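Colleague: The structure is given below, and queries will be raised subsequently.
Please treat every number below as a calculation from the coordinates, not as lab data. These numbers were taken from a predicted model, which means no experiment stands behind them. Positions of Cβ are generated from backbone atoms using ideal geometry, with glycine treated the same way; all protein chains shown enter the neighbour counts.
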Amino acid sequence: MSHFQSRLLSTDGVTAFSTKDAAKTALGTIDSEISAMHSMISAAKMRRNAISTVSRLPPEVLSNIFSILTAVDPPTHKRTFVERNFINMRGLGWIRVTQVCRSWRHIVLSDARLWTDICAQLSPLWMTEMLERSNQTLFTFSANFNTESEGSDKGKLMAVVEEVLSPRHLARLKGLHFNSWNPRYMRTAIKRLDQAAPLLDSLSIRSGTIYNASTRLVPDDIFASTLPQLRNITFEGWIPASWDVHYLCNLTSLEISRSSDDPVYSMSIAKCFEILENSPQLETLVLKHVVSSTSKEVLPSGHEAVALPCLTKFAMHCSIPGLIVLFSGLIIPRTSAVEVGFHTTHARFSELISLLAAFSRRADASASPLRKISIDCVRKGRRSEKHILLGAFGEAGAQRNMKKISIA
């Protein structure tokens with residue numbers, strides 16, 4: 001007879017028809033034995049994990065593996081239709097490793113670096129938990145007010161935003177990303193950006209580019225005009241209240257997009273060149289319906305070409321004359337991915353040829369002569385995209401002045 005069976009001898013003969021006291025005593029004994037067995041099984045599993053091959057890996061190696069997993073398997077959020085109702089389905093992603101064994105859980109909870117990407121797919125409760133677990137490490141925070149959730153959940157999310165922007169956490173905020181089609185939530189969030197963020201590297205404010213939407217302005221004095229480390233800016237549906245703001249300099253990525261041109265808040269060609277001169281290390285430059293679009297754009301007097309040697313992506317939407325002036329005043333690598341767009345017809349083919357000429361002329365001469373430009377034009381409400389490949393070919397060691405154009 002096993003030890004377990006001997007401990008249950010006292011319950012022999014007790015049935016559902018026994019007295020109330022006898023049944024209660026027997027149930028208590030059985031529950032105690034079940035609890036003890038669970039503890040024994042847990043201890044046995046822990047002992048087994050301790051002597052398994054994977055336990056040879058040092059905690060430092062496991063931490064590095066888990067850090068890779070945070071990027072490969074992030075938390076997810078989707079809405080599923082179940083029994084005529086939509087329900088929110090959230091997946092923990094990499095956080096599931098905390099449920100594998102005690103050893104892994106201890107390693108994950110002890111490494112604050114693993115909890116520094118507080119993504120928008122998390123619930124407000126998990127956001128708060130990750131904020132605490134990140135301790136004093138630099139962190140990135142993303143909030144999406146577009147998810148179909150109850151008003152109380154959005155209220156909870158706004159409470160998390162206020163906690164993130166409090167002095168306790170703002171000093172270690174590295175990245176901040178807001179996404180909301182509803183201007184009410186976005187304006188409330190932006191009003192909270194009134195204290196210095198000395199380590200903020202990336203700022204993203206997205207409200208979509210709804211056609212004919214009113215221009216929304218980002219205040220001049222966000223973060224108390226103290227953003228010494230800011231290098232990446234993305235505004236979608238928003239623009240700076242002034243083009244002389246302190247944070248439009250020393251950038252590596254600048255993306256500002258609107259749905260349509262608005263001359264009141266547009267940036268002049270001269271101001272555009274000035275901003276680019278102050279950010280010579282730009283790698284990404286996207287300006288859509290931001291630069292003033294007139295038919296009489298000219299290079300500022302005494303202008304020297306602005307070189308952007310690190311540029312890999314360049315997207316500009318404005319008038320063809322404005323594009324010609326910009327290409328004439330910029331020097332960019334031939335390997336840059338270039339996209340231009342304009343909300344007018346190019347019935348005057350000479351204008352398009354002038355644009356291509358300016359595009360092919362202004363480039364780093366030391367690089368490959370192959371260049372590609374994507375042209376996105378809107379004509380009578382229809383959008384069409386053309387890819388034009390420009391190539392200069394060499395023969396017998398000498399470069400020929402020939403251009404090949406193919407349109408697909």
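Colleague: So what J values fall out for the stretch 230-242 if you push phi through Karplus, 6.51 cos²θ - 1.76 cosθ + 1.60 with θ = phi - 60°, rounded to Hz, Gly and Pro as x?
Modeller: 5, 10, 10, 10, 9, 10, 10, x, 10, 9, x, 5, 9
Colleague: Right, here's the next one. So how do 17-28, 121-132 stack up, highest first, on mean other-Cβ count within 10 Å?
Modeller: 121-132, 17-28
Colleague: Using R₀ = 60 Å, calculate the FRET efficiency as 1/(1 + (r/R₀)^6) where r is the Cβ-Cβ separation of Thr215 and Met46; round to 0.05.
Modeller: 0.50
Colleague: Then there's this: For a quick check: with amide H placed at 1.01 Å from N, whose amide H comes under 5 Å from Ile331's, ignoring anything fewer than 5 positions away on the same chain?
Modeller: Val306, Ala307, Leu308
Colleague: Using +1 at the Cβ of each Lys and Arg and -1 at the Cβ of each Asp and Glu in the stretch 127-271, identify which of Val161, Pro183, Gln195 lies farthest towards the dipole's positive end.
Modeller: Gln195
Colleague: How would you order 164-177, 312-325 from highest to lowest mean count of nearby Cβ atoms within 10 Å?
Modeller: 312-325, 164-177
Colleague: Here is a follow-up. Provide the net charge surrounding Leu285, with neighbours chosen by a C-beta distance below 12 Å and charges set as Lys +1, Arg +1, Asp -1, Glu -1.
Modeller: Around Leu285, the charge tally is -1.
Colleague: Could you go through the stretch 20-25 in sequence order and give the Karplus-derived ³J(HN,Hα) for each residue, using 6.51 cos²θ - 1.76 cosθ + 1.60 with θ = phi - 60°, rounded to whole Hz, and x for Gly and Pro?
Modeller: Residue by residue, the stretch 20-25 yields 4, 5, 5, 5, 5, 5 Hz.
Colleague: Using a basic spin-label model with each label point 7 Å from the Cα along Cα→Cβ, how many nm lie between Ser268 and Thr312?
Modeller: Distance between label points: 3.5 nm.
Colleague: What FRET efficiency comes out for Ser301 versus Thr335 if R0 is 30 angstrom and r is the Cβ-Cβ distance? Round to the nearest 0.05.
Modeller: That pair, Ser301 with Thr335, gives E of 0.45.
Colleague: I've got another one for you. Label-point separation (nm) for Ala112 and His169, each offset 7 Å from Cα along Cα-to-Cβ?
Modeller: 1.4 nm
Colleague: Read phi for every residue in the stretch 12-17 and hand back ³J(HN,Hα) as whole Hz from Karplus 6.51 cos²θ - 1.76 cosθ + 1.60, θ = phi - 60°, with x for Gly and Pro.
Modeller: 4, x, 7, 10, 5, 9
Colleague: Separate question: Where does the charge balance sit around Ser180 when Lys and Arg score +1, Asp and Glu -1, over other residues with C-beta under 10 Å from its C-beta?
Modeller: It works out to a net charge of +4.
Colleague: If Lys and Arg each add +1 and Asp and Glu each add -1, what is the summed charge of the other residues whose beta carbon sits under 13 Å from the beta carbon of Asp201?
Modeller: Result for the local shell: +3.
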